[in-house]
Each structure stands twice: as structure tokens, then as C-alpha cells.
Amino acid sequence: MERQTGSNLESQRPNVLSSLYSVLFILSSLLVGFAAFRNTLTWHLQRFWGASGDFWQSQWDKFLDITGEDDFTLWVIGTTALTIFVYWFFGGLYTIMDITNKPAVLRKYKIQPGTNEPVDNKRLMEVIVTVLFNQFVVGIPMSLLAYKIMTFRGIVPNRELPTFHWVLLELAVCILVEEVGFYYSHRFLHSKHIYKFIHKQHHEWTAPISVTAIYCHPIEHIFSNVLPPFLGVLIMGSHVATAWLWFSLAILSTLNAHSGYHLPFFPSPEAHDFHHLKHIMMLSFTPPREAFPDSPKKSM
């Protein structure tokens, strides 16, 4: 083959400007496609919400016809009753598994096999007593205080439910605020100066079970379990129904995180489980078992 001249090579070399145009075209096409997909998804969700909106509003109206629209009843009594029910109903399902070791098919999903199989009844009773103390003796006064703060903030009228988009926005803010609040409060609790006085109690369970989620010192319960989820509700001035939805989701998340199981279709609680075991906060993308492998056993 003949050797190409420099001018031929130059003519075949892609023009930088045209390449830039190509990149911009691809990126803009992707953005348009993403926007179209997002709008389509939002449209379908909005249609679903609109189709079911009247249903949910009618159910909410029936609920308020029974309970009344009194702010104190909904924000204090209603929130307390709902959060305790969600915690013990779903946490109880996990606890039944831990007590009975059934169904056996789910044992393969345990993160730390061989632990709490079955759970020690004496330790379980200690957890139950502590959790109930936190929920009633600590939780109810905190609900009263939260109600006073929300009253000062301005409580949204209870009758009309918020729109679908607004609920999504509020949930996004609540998740973000809770993640930041929990991270820094948790990091503070691991400070060497206060760990042994407060947070050490929660880490007594190196292989946690679901209901140990709020097995902790009362001070930790206030500043790490109650305050971070409430901050988003306070900032957004949420409707009580949105607050209930958010609190329920937050409880389900922490129950799963402490369950000791990585069940199919559930978020993996492995990092938090290893945090209990190793007392180390996971900040990398490396799987816990690789980052902190068990020490090899010495041969005799």
C-alpha cells in the first residue's frame, strides 16, 4: 500500500469542532430522552394518583370523621400509636423468625450465620423493656414537644391531602435531612469521650435483630432516632398524613437495617450489620467482608 501523505492524514483527522458538536448532540439527545422518560413516568404516576386520589381522599375523610380533626389528637396520639404499631408489627415478624428459626428457607439470608439461632429469650426481654421505655417514657414527651414546635411553625389543615408531586418533594427532603442528621449524630456518638457512656449500649448486639433498632440510651434515642426524622417534617411544614407516611418508611428502614437478614428485593443491611460487629463506620464502596475480613484461625 502507498504511504499516505501528511495532507491526506490531516484531512482524515477528525475536526475538533465537529467532534465537539457530535458530543453535544449525543448529550443533548440523552437529556431529551431522559426528560421525555421522566415526564412520561411522572404523567403515568400522576394519572395513577389522580385515579386513586379521590379514593384516598374519601378514605381520609372517613378516618377524620371518626377521629376528628383535632391537631393534638392527630399529631400526638395518632403519631405515637402509628409508630408503635409499625415498629412492633413488622419488628414482631422478624422476631418470630428469630425465636422459632422458621421459615427455615430464610436462614440462608442471614448475614452472620449461626448467631441468634434462636435468639436468647433473656436478652430479648431486656430489649423489649428498653424499647418500650424509649417509646413511651421518652417518645410521648418528645411527641408533645414536636407538636408544640409544629404549632409554632404552623400546622397545615388536616382535611385536604397534599398533591402527589408535593408528597414526593417532601419525602425527598425528609430523606436527605434524616441521612445528614443521623450520620453526624451517629458519628458524634462514636466519639471516644462519650461512646462508653451512651452508644455502647446499642452495640451490645454485635449481631443485631430487628427490634434492637431503638434499643439504646434515652439520650441517643432523642438525638439519633427521633430528631433526624422529625427535622424534615419541621422544615417542610408537612401535612400529618405525609408525616405518618415518612415516619412509617423510616421505621421500616431501620428495622430492616437491624434485622440481620439480607432478604431478596430488600435493601442490603450488610454494612450496618458489620458496623455493629466491627464498630466501624462504612464510608467506601468496598463490601464489608472484603474491607474487614475475619482474621484467619491459627493452626494448632
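Numbers at a glance
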{"item": "Residue check, residue 215 among the aromatic types (Phe, Trp, Tyr), modelled with pLDDT under 95 and open to solvent by less than 60 Å² (accessible area, probe 1.4 Å)", "result": "no"}
{"item": "Residue tally, condition touching a Leu at 6+ places or on another chain (Cβ under 8 Å) and either crowded, with 18+ Cβ neighbours inside 10 Å or at pLDDT 95 or above (or both), over segment 148-163", "result": "3"}
{"item": "Any hit, segment 209-219, residues being more than 19 Å from residue 126 (Cβ to Cβ) and among the β-branched types (Val, Ile, Thr)", "result": "no"}
{"item": "Residues of segment 189-215 satisfying the condition of being among the small types (Gly, Ala, Ser), in a loop (DSSP other than H, G, I, E, B) and touching a residue at least 12 places away in the same chain (Cβ under 8 Å)", "result": "207"}
{"item": "Qualifying residue in segment 103-121 (condition: touching a His at 6+ places or on another chain (Cβ under 6 Å) and of a type in the set (S, T, N, Q))", "result": "no"}
{"item": "Condition check for residue 172: buried (at least 16 other Cβ atoms within 10 Å of the Cβ) and either in contact (Cβ under 8 Å) with a residue 60 or more places away in the chain or farther than 22 Å from residue 259 by Cβ (or both)", "result": "no"}
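Every residue, every condition in (1) out of contact with any Leu (no Cβ under 6 Å at 6 or more places or on another chain); (2) open to solvent by 50 Å² or more (accessible area, probe 1.4 Å); (3) modelled with pLDDT under 95, yes or no:
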position: 59; (1), (2), (3): yes, yes, yes
position: 75; (1), (2), (3): yes, no, no
position: 80; (1), (2), (3): yes, no, no
position: 83; (1), (2), (3): yes, no, no
position: 86; (1), (2), (3): yes, no, no
position: 91; (1), (2), (3): no, no, no
position: 100; (1), (2), (3): yes, yes, yes
position: 104; (1), (2), (3): yes, yes, yes
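The values are calculated or read from the model by the stated rules, or taken from the named source; none is laboratory data. This one's a predicted model, so the numbers in the text were calculated from it and none came from an experiment. Neighbour counts run over all protein chains shown; Cβ positions are idealised from the backbone, glycine included. The protein model used for the area step is the full one, side chains on, heavy atoms only, and it has no ligands, DNA or RNA in it. Shrake-Rupley method; radii C 1.70, N 1.55, O 1.52, S 1.80 Å.
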